[in-house]
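Each value in this text was obtained by applying a stated rule to the coordinates, not by laboratory testing. Please read these numbers as outputs of a predicted model, since none were measured by experiment. Please note: Cβ atoms are built from the backbone with ideal geometry, for glycine as well, and neighbour counts cover all protein chains shown.
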Amino acid sequence: MERLEQTALWNELFQKAEEARKEAYCPYSGFSVGAALLCADGAMYTGCNIENAAYGVSNCAERTAFFRAVSEGRREFLAIAIVGGKRGGPVREFCAPCGVCRQVMAEFCGLDFEVLLTDGKSLQRLSLGELLPHSFGKDNLSKV
């Protein structure tokens, strides 16, 4: 896959992620996260974190975006932008996806899938392979 260049598309992804972040349901942690997922056909899906008093059934913004896209038949993805921080406050730190979200990304994306992060001042562009080295995926199961 050809890497995305920093363009208006990046700005649009981060803007959509920030809009999704405003919808986060995070009464327990007070940490709101938004994500915007770019599909290969140009469609975008957003997600926010949704907490639950039983923490184990909470859902991250990244997985919310992926599950929305997959539920509508999307299966090819290019990049995801993620923003997070204290609810109601500006983005001040990079918010990398958790391990569970990285594994969901590995299910649907190649190791060249791009993860875009910002701390409000600068941008980071990481590949899924950088975030999840030595990943376990469907190829491992086909060898059994």
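Some points to look at:
- Subset tally (residues that are buried (at least 19 other Cβ atoms within 10 Å of the Cβ) and over 9 Å from the mean Cα position of the chain (by Cα)) for the stretch 27-45: 4
- Qualifying residue in the stretch 70-81 (condition: surrounded by 16 or more Cβ atoms within 10 Å (Cβ to Cβ), in contact with a Ser or Thr (Cβ under 7 Å, 6 or more places away or on another chain) and not β-branched (Val, Ile, Thr)): no
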